[in-house]
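Written out below as structure tokens is the structure these notes cover.
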Amino acid sequence: MRILVINTGSSSIKYQLFDMERAVILASGLAERIGEEQSSLRHKAFIDGQERLGQYDRAIADHHQGLDLIVELLTAPGVGVITHKSDIDAVGHRVVHGGERFKAPCLIDEAVIAAIEENAALAPLHNPPNLVGVRVARQIFPQAAQVAVFDTAFHQTIPAEAFLYALPYELYQKHRVRRYGFHGTSHWYVTEQTALFLGRPVEELDIITVHLGNGASMAAVRGGRCIDTTMGLTPLEGLVMGTRSGDVDPALPFFLADQLGLGLKDIDRLLNKESGLKGLCGHNDMRQVIEASHNGDEKAATALAVYAYRIKKYIGAYLAALGRLDALVFTAGIGENAPQVRELCCRGLEGLGIAIDPARNLAPNHGPRLISPEGALVQVLVTPTNEELKIAQETRKLLNGGR
Ligand code: ADP
């Protein structure tokens, strides 16, 4: 079965084509600046163990043209990885917001499209472009099954005590204001991979997953079911991120409006685009923050300390929520590649059974790996995430009747 996974943004299409029987990626790529004069498409084809790169800089008018161009590259004589677009059996779509309705991946039909549309108010920046991807893919691959995998679905097992905000109850009932959480596909994948790596049934494990990319979130997972997560109604809540503040005093917007005369749009931009690591030290990329901190930049060192302290606080909170802990798992760009950040997050937690072995933490390795000392109470791991593969796996499972 060949499955194309696509993640459609307002001006981009990120894609990967999988051959599920052979368990390999056939091609991947990213079309960007769609609708602008200078669009670009970076394409990688994997043929006979070799990577073939393609860079195409031509104007791509819209997502339909973008996906047409992707099909052209996937089927191009000589460098193509399939002969015809009908070789694609299914398209797996990343859809950001499934609201309370979607607790699992599902086959896309008109009713599902209408429900995703309904959730657009909850994710105005993401659901509309995700739907553009769905509509275009249905036109271009009429023979293929279309499956939606939601970022929010894994968190739908969170109990009311953890998903309700202490606000007037009708805000939840009438306007669906509650914690949803995001990055669910990553937390789900990493949870399962960790159980596989530890050789134990996921049902027996209490795990905290720490996803640290440009966006960042944590999840408390009991027996494979999420019981709490740090992102909320929107992806702004929780951890310190590249440009997002994470948790702040909810009265902050009133202060900014009263004292600085900022309007709603200014405050939105300040909290989402100008805060986090960038706000604290001027760099939103963790590599630059670490380098600046090494070079004696005090603001960068402070930004790192604030970043790690927030994570440490949530480790404590989730340890309490779970009541016990088998594994603490780091993943995504920073979680997988920044030993210094992992060390800072766990420093001083030995009394809770959480410790890091310095040599293991520094050892380069690409798969799941243990970084806690032998015999530690809590297994601390790095488990690489792969949201696209998880979307492909779930798509196949749905088409195979749950297997
Ligand atoms: P996204 O959320 O966009 O998928 P990623 O998971 O790719 O993001 O993570 C991006 C972050 O990972 C950036 O802050 C980047 O600096 C950081 N990162 C990547 N490689 C390293 C590294 N070797 N050391 C420290 N940080 C890294």
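Only the coordinates and a few stated rules stand behind these numbers; no lab work does. Since we're looking at a predicted model, the values are computed, not measured. Positions of Cβ are generated from backbone atoms using ideal geometry, with glycine treated the same way; all protein chains shown enter the neighbour counts.
Among the trypsin sites (Lys or Arg not before Pro) in the range 281-372, those located in a DSSP loop and surrounded by at most 15 other Cβ atoms within 10 Å of their own Cβ are 324, 347. Tell me, rounded to the nearest percent, the portion of alpha carbon pairs in the chain spaced more than 41 Å apart. Above the 41 Å cut-off, the chain has 15 percent of its Cα pairs. Taking the 0 to 90 degree range and rounding to the nearest ten, how far is the long axis of helix 63-75 tilted relative to the main principal axis of the chain, both from C-alpha atoms? With rounding to tens, the tilt is 70 degrees. Using equal-weight Cα scatterers in the Debye expression, the normalised intensity of the range 248-384 in log10 at q = 0.09, 0.14, 0.18, 0.22 Å⁻¹ is -0.35, -0.76, -1.05, -1.28.
The trypsin sites (Lys or Arg not before Pro) of the range 56-149 that DSSP puts in a loop, and whose beta carbon has at most 13 other beta carbons within 10 Å, are 58.
Just the Cα atoms of the range 185-283, one point each, no solvent: what log10 I(q)/I(0) does Debye give at q = 0.16, 0.19, 0.25 Å⁻¹? Debye output, listed in q order: -0.73, -0.88, -1.21.
Taking the number of Cβ atoms within 10 Å of each Cβ as an exposure proxy, the fewest-first ranking of 28, 39 is 28, 39.
What's the Kirkwood radius of the range 49-140 in Å, using all Cα pairs?
Computed over the range 49-140, the radius equals 15.2 Å.
Determine the distance separating the Cα centre of the range 9-86 from the Cα centre of the range 145-222; give it in Å without decimals. Between the Cα centres of the range 9-86 and the range 145-222 lies a distance of 31 Å. Placing dummy labels 7 Å off each Cα toward the beta-carbon, the span from residue 76 to residue 255 is 5.4 nm. Adding -39500 (n - 2.57) for every DSSP H run of four residues or longer, then dividing by how many residues the chain holds, sets the calculated 222 nm ellipticity at -11000 deg cm²/dmol.
Pairwise Cα distances in the range 1-106 exceed 25 Å in 23 percent of cases.
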